[in-house]
Amino acid sequence: MLCLLVIGCASELAEEVATPMGGAGQEVVASRDEAGGVGNAREEVLGAFLSAYWRVPVPAQGAAPEGFSAAERSLHPRECGACHPEQHRQWQGSLHAGAYSPGLAGQLVEGRLSEAARLRSCQSCHAPLAEQQPERESGEAEPAYDAALRGQGIVCASCHVRAHRHFGPPRRPGLPPLAEALPHGGFEARTEFEESRFCAECHQFFDDEGVAGKPVQNTWAEWRASPAAAAGRSCQSCHMPDRAHTWRGIHDPEMVRAGVDVEWVSIDLAADPLRAALVLSNRDVGHAFPTYVTPRVFLEIWQVGAAGRELDGTHSRVTIGREIDFGAWQERFDTRVLPGESMRLDYEQARHPLARGIVGRVRIDPAYHYRSVFASLLESLESKEALGLIAEALERADAAPYVLTEIRRDLPDRRAGAGR
């Protein structure tokens, strides 16, 4: 399921890459026997219920029970929102709702991902219902296909409806009894909805032998080896707090700040050359930071003049992320920060004659890898529909980067010279 990853990133970052503190950049987070795609790893992780529940694409719902209204038969989120307005509102702003994104949709129109097998594979996570698939595995048209439903990505029914039976987590303790007659026959409570393995079908590539011993998507295994797992905290604890349907992640600055710390250490600004170090620590992210190949995190230090502008020749940067050459199927680097570990950028440069301060910054680019993919596709695609979608995707990717934190320290005023 290597959706949106068919074109290798063209960036040249090798000279900027450092190793996380603790030297875990090359460590295999989980053995292949545990989560790397050999034997019956999927079944062992998911268990009997979830292995069947997460058969993807999710089989067509079939005929609804007699007496179901049109709303009860519907798989569209708007119908769910009639009784679950808060969950629907939260879902609308989530990446799950945007999973069938312009970047994916454009590649399903033209290119390698438009081939039937690849299209079906990608949609198994991005639009997983059979009713969202134009064709069956046999190549026959899917009679239940709904193009409008496809465009809504990971909908409520993706997780909660199978053969028109509804499932969800157990009710919270202390709630009043349910009404005798509930829409769609009520629901079946399953504790699996509160467990990390519920998320593993799409967030762990069980059938991927990986690159350098690590699956491309290895989030469940990373979590399983983390202090969060040891403490009994599930994926839902952070990404669905209080059962919120928000699924915030690296695109959300507040979410990231809750999991990482950034600080100056070993700073000596009276010396010349200046010496400082900026450290980012994975304090409470329950997996590698970042977990996937798409984002990049940049630690940067530079000197500024009296007007606060960067002074030429003073910039230093280190990159946090994982880069894979998908054409050669080789890992270029992996500097992601595992739970409890840190990345350190050491800075030692001569003080610029105009320098009045030193700045440390952490910048996050959530769509870094996709940007180069989309730019390459704009040069190779011919379909106007595909080009329009990819252009929109590139515009979104360009708008995604943000500054997580920026810390300035003033330098001792011991040198003369005009500000800048």
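A few notes on this one:
- Tallying residues that are outside any loop (DSSP other than H, G, I, E, B) and surrounded by fewer than 21 Cβ atoms within 10 Å (Cβ to Cβ) within the range 207-216 yields 1.
- Complete set of residues in the range 240-289 that are acidic (Asp, Glu) and under 21 Å from the mean Cα position of the chain (by Cα): Asp242, Asp252, Glu254, Asp261, Asp284
- The range 349-366, subset of a type in the set (Gly, Ala, Ser) and in contact with an Asp or Glu (Cβ under 8 Å, 6 or more places away or on another chain), residue nearest to Gly305 (Cα to Cα): Gly357
- Boolean, Ser114 is of a type in the set (Ser, Thr, Tyr), assigned by TED's automatic domain parsing to the domain that holds Gly185 and under 26 Å from Trp247 (Cα atoms): no
- Residue match in the range 201-220 (condition: without any contact (Cβ under 8 Å) to a residue 60 or more places away in the chain and farther than 21 Å from His126 by Cβ): no
- First in the range 74-87 and assigned by TED's automatic domain parsing to the domain that holds Val155 and of a type outside the set (Ser, Thr, Tyr), second anywhere and surrounded by fewer than 18 Cβ atoms within 10 Å (Cβ to Cβ) and not in a loop (DSSP other than H, G, I, E, B), Cβ under 7 Å, 6 or more apart: Glu79/Ala71; Ala82/Ala71; Cys83/Pro183
- Residues that are assigned to a strand (DSSP E or B), touching a strand residue (DSSP E or B) at 6+ places or on another chain (Cβ under 7 Å) and either surrounded by fewer than 23 Cβ atoms within 10 Å (Cβ to Cβ) or not aliphatic (A, V, I, L, M) (or both) do not occur anywhere in the range 367-377.
- From the list Val285, Val337, the lone residue that is free of Cβ contacts under 8 Å to residues at least 60 places away in the same chain and in contact with a Pro (Cβ under 8 Å, 6 or more places away or on another chain) is Val285.
- For the range 218-261, residues that are assigned to a helix (DSSP H, G or I) and more than 22 Å from Glu406 (Cα to Cα) total 18.
- Condition check for Ala271: modelled with pLDDT under 95 and farther than 21 Å from Glu341 by Cβ: yes
- Residue check for Gln132: in the same structural domain as Gln90 (by TED's automatic domain parsing), buried (at least 16 other Cβ atoms within 10 Å of the Cβ) and not basic (Lys, Arg): yes
- Candidates Ala97, Ala71, filtered to the one that is small (Gly, Ala, Ser) and assigned to a loop (DSSP other than H, G, I, E, B): Ala97
- In the range 290-344, the residues that are of a type in the set (Gly, Ala, Ser) and under 19 Å from the mean Cα position of the chain (by Cα): Gly321
- Taken together, the residues in the range 268-292 that are surrounded by fewer than 17 Cβ atoms within 10 Å (Cβ to Cβ) and assigned to a strand (DSSP E or B) amount to 2.
- So Ile407, is it surrounded by fewer than 18 Cβ atoms within 10 Å (Cβ to Cβ) and either closer than 17 Å to Trp302 by Cα or under 21 Å from the mean Cα position of the chain (by Cα) (or both): yes
- Looking only at residues of the range 105-120 that are closer than 12 Å to Gly388 by Cα and aliphatic (A, V, I, L, M), we find that the one that is surrounded by the most Cβ atoms within 10 Å (Cβ to Cβ) is Ala105.
The values are calculated or read from the model by the stated rules, or taken from the named source; none is laboratory data. Keep in mind that this is a model prediction, so the values were computed, not measured. As a convention, Cβ positions derive from the backbone with ideal geometry for all residues, glycine included, and neighbour counts pool all protein chains shown.
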